[in-house]
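Every number here is computed from the coordinates shown, using simple stated rules; none is lab data. No experiment lies behind these values; they were computed from the predicted model shown. No Cβ is skipped: glycine too gets one built from the backbone with ideal geometry, and neighbour counts run over all protein chains shown.
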Amino acid sequence: MDPIKSFSGKVVALPINDIDTDQIIPARYLKVTDKNGLGAACFADWRYDADGSPKPDFPLNQPEHQGAAVLIGGHNFGCGSSREHAPWALVGAGFQAVISTYFADIFRNNALKNGLLPVVVDEQTHQQLISLAQEDPNTTVTVDLATQTVTLPDERKVTFPIDGFSKHCLLNGVDQLGYVLALDKDIASYENSNPHRVNTLLAV
Amino acid sequence: MAAKTLFQKVWENHLVRPQADDLPAVLYIDLHLVHEVTSPQAFTQLRERGLKVRRPDRTLATMDHSTPTTTRGADGIIPVTDVQASAQLDVMRKNAADFGINLYDLGTRNQGIVHVIGPEQGLTQPGMTIVCGDSHTSTHGAFGALAFGIGTSEVAMVLATQCLLQNKPKTMAVRVNGRLDAGITAKDIILAIIAKIGIGGGTGYVFEYMGEAIRALGMEGRMTICNMSIEGGARAGMIAPDDTTFEYIAGRPAAPKGADWDAAVEAWRQLPTDDGATFDDEIVLNADDLVPMITYGTNPGMGMPITGYVPDPDKAGDVSQKIALDKALTYMGLQPNQSLLGKPVDVVFIGSCTNSRIGDLREAAKIIRGRKVADGVRMMVVPGSQQVKTQAESEGLDRVFKEAGAEWREAGCSMCIAMNGDQLQPGQYAVSTSNRNFEGRQGKGGRTFLASPLTAAATAVRGVITDPRELVSEREYA
């Protein structure tokens, strides 16, 4: 994965609590075998009418929000299913970061593995950003992973938490699978001292 | 030695490398369950990097999410008419064959929902770490396993290394005291817990369910409870293993035998949380106070006693809650302060990894037996696995449902996730024994009330949302 650099992007708000992954990408779009093309189906049931035409009142369809790279959701963004198709769809739709007051655990993990930053801010900042984005569609923030800061339009900087390992991997383009593959000796040693009880190849 | 929780013991037993400063723990995975929807891109990654599956003997694949549950053809084959689903199933077959993984193919005798087949085969055992690219992997925690859902990148990692990078979660004791009355089930317990803590209340935690009401449950009820841990935000829920657990596992195909069994049980008896061990948080519920639960909104946290009234958004705690409730009631077509009892429904769905096991079907059949599904109601009964289906048919449960006018279908996830053609039409109402009532979850525009198999069956008979105790009390009910 490419290293993540500091970026500035337009903000669009979907101030709805508990946005679940079934909304981010409905299950009927999961019959794919690759990661591509899911951006068009991102929020499909909120975004399109029954005949497939875009709903004009949905923020992601509005001309002034085109090109937005930062999505602000309500509390508990990404709850529900473990589908990694959710971050694939958000990235496919052009997002580089999602801001919320907190994220569901599995979604956060999945997002971090796809270069989509889950940015947790306090409730006051959250509310302020939603108001700004709704008042001015050109509201832009700068997200800097190295310093773990979001710079608001008034130049105020707020920090956000991220675990050190994920940060290191994202900043340096470190491949997590490669890291664990390199621990082969430790894994083999664990396996030798913990013989397994079940064998799925015998379960017929 | 310091007192430890069940979670701590299982966690520590699986550390290839402990968590340190800025490095997550490397956690060994004992059992990896795979299905057709969240695995294709993981196998692609393995191919691109020239990697093998490290432990095919700890990996098992099934087909459940996108599979049809329609009747078999004259050739005994379940026809797959959806071209995209068919291609996805073929990819699963190819991946299993190329990487040497055992696959329970569509319609074969052990195929079924991934969280039904693991326990059914005896593969799910106390003290194990179990993962799957599916959030309801928490189900397996009912056996005292640490089991949780993962994304597809993590599926690739487990396939290639049998390990995961994990930061240690917090622990929450969920104590359920007291006893359940007749007509009230494990599903009602977990819906009540989620209504209490909210859909995000368990974020960052692993739950351990404990207390008299949990101990009194059989394994299927315990699975129902652990299954929905994720609907309260917790990736995993666990229940300490006991004699109920061991009796369930004994004799199953993958269960240890002979001296191995004795050694296994001895080891499993060491797993329960020690006296004096502490949790990061605790909540308490009293089963004596419970009545059947039902959801009214668009997430599983929006639940209430079936005798209750839909909440009023104007009385919500804050603005964002009011907005959420307004949105949910608009979608559901409900009014504040209304009762759900007596509300007509279009569909009743009995199935899903939450409530599709033999005990669930027996419970529903108790109510359905000798009665008819109400006019205008479609009732679908979808067994969780081919084994459950076979068992139910040997008990004549299929005839009970069919004679009542219900559909008796092949095994799979079906209308819980509605990606196989089993779905609600826009605007339709369903009482469903599944786990999610999100907008569109059971079909675009469909509206879901989550409830127990008893409530679902009672509703099917009356055609309107019904307190199952009204029908249970008419029958001898143990």
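Within segment B:164-184, is there a residue that is part of a strand (DSSP E or B), small (Gly, Ala, Ser) and within 14 Å of B:PHE279 (Cβ to Cβ)?
So far as segment B:164-184 goes, yes, one or more of its residues are part of a strand (DSSP E or B), small (Gly, Ala, Ser) and within 14 Å of B:PHE279 (Cβ to Cβ).
Inspect all residues belonging to segment A:112-133 and state whether any of them is of a type in the set (Lys, Arg), part of a helix (DSSP H, G or I) and within 23 Å of A:ALA146 (Cβ to Cβ).
no
Is one or more of the residues making up segment A:181-190 among the hydrophobic types (A, V, I, L, M, F, W, C), within 21 Å of B:THR129 (Cβ to Cβ) and touching a Leu at 6+ places or on another chain (Cβ under 6 Å)?
No, the conditions are met nowhere in segment A:181-190.
Could you please find all residues in segment B:121-136 being crowded, with 24+ Cβ neighbours inside 10 Å and either over 23 Å from the mean Cα position of the chain (by Cα) or not hydroxyl-bearing (Ser, Thr, Tyr) (or both)?
B:LEU123, B:GLN125, B:PRO126, B:MET128, B:ILE130, B:VAL131, B:CYS132, B:GLY133, B:ASP134, B:HIS136
Can we say A:LYS10 is outside any loop (DSSP other than H, G, I, E, B) and either surrounded by fewer than 20 Cβ atoms within 10 Å (Cβ to Cβ) or of a type outside the set (Phe, Trp, Tyr) (or both)?
Criteria met by A:LYS10.
Facing chain A (nearest Cβ under 9 Å) and either within 29 Å of B:GLY221 (Cβ to Cβ) or of a type outside the set (Lys, Arg) (or both), is that true of B:GLN121?
yes
Could you check, for segment B:195-204, whether at least one of its residues is crowded, with 22+ Cβ neighbours inside 10 Å, of a type in the set (A, V, I, L, M, F, W, C) and not in a helix (DSSP H, G or I)?
Yes, segment B:195-204 contains a residue that is crowded, with 22+ Cβ neighbours inside 10 Å, of a type in the set (A, V, I, L, M, F, W, C) and not in a helix (DSSP H, G or I).
Considering segment A:171-187 alone, what residues qualify as being more than 7 Å from chain B (Cβ to nearest Cβ) and within 22 Å of B:ARG47 (Cα to Cα)?
Correct list: A:GLY173, A:VAL174, A:ASP175, A:GLY178, A:TYR179, A:ALA182, A:ASP184.
Select from segment B:316-328 the residues that are surrounded by 14 or more Cβ atoms within 10 Å (Cβ to Cβ) and either more than 26 Å from the chain's Cα centre (by Cα) or away from chain A (no Cβ under 14 Å) (or both) and list them in ascending order.
The answer is B:ALA316, B:SER320, B:GLN321, B:LYS322, B:ILE323, B:ASP326, B:LYS327.
Give the residue that is surrounded by the fewest Cβ atoms within 10 Å (Cβ to Cβ), with candidates limited to residues of segment B:240-295 that are assigned to a loop (DSSP other than H, G, I, E, B) and within 13 Å of chain A (Cβ to nearest Cβ).
B:LYS257
When segment B:15-50 is examined, which residues are found to be touching an Asp or Glu at 6+ places or on another chain (Cβ under 9 Å), surrounded by fewer than 23 Cβ atoms within 10 Å (Cβ to Cβ), facing another protein chain (nearest Cβ under 8 Å) and part of a loop (DSSP other than H, G, I, E, B)?
Correct list: B:ASP22, B:PRO24.
For segment A:98-111, indicate whether the set of residues that are among the hydroxyl-bearing types (Ser, Thr, Tyr), facing chain B (nearest Cβ under 9 Å) and touching a helix residue (DSSP H, G or I) at 6+ places or on another chain (Cβ under 6 Å) is non-empty.
The answer is no, given that none of the residues of segment A:98-111 is among the hydroxyl-bearing types (Ser, Thr, Tyr), facing chain B (nearest Cβ under 9 Å) and touching a helix residue (DSSP H, G or I) at 6+ places or on another chain (Cβ under 6 Å).
What's the number of the condition B:GLU154 fails, among (1) surrounded by 24 or more Cβ atoms within 10 Å (Cβ to Cβ); (2) in a helix (DSSP H, G or I); (3) touching a residue at least 60 places away in the same chain (Cβ under 8 Å); (4) within 12 Å of another protein chain (Cβ to nearest Cβ)?
Here B:GLU154 meets the rest and fails (3).
Mind telling me which of the residues B:ASP90, B:ASP57, B:ASP98 ends up being at the interface with another protein chain (Cβ under 7 Å from one of its Cβ atoms), acidic (Asp, Glu) and not in a loop (DSSP other than H, G, I, E, B)?
Every option except B:ASP57 fails the conditions.
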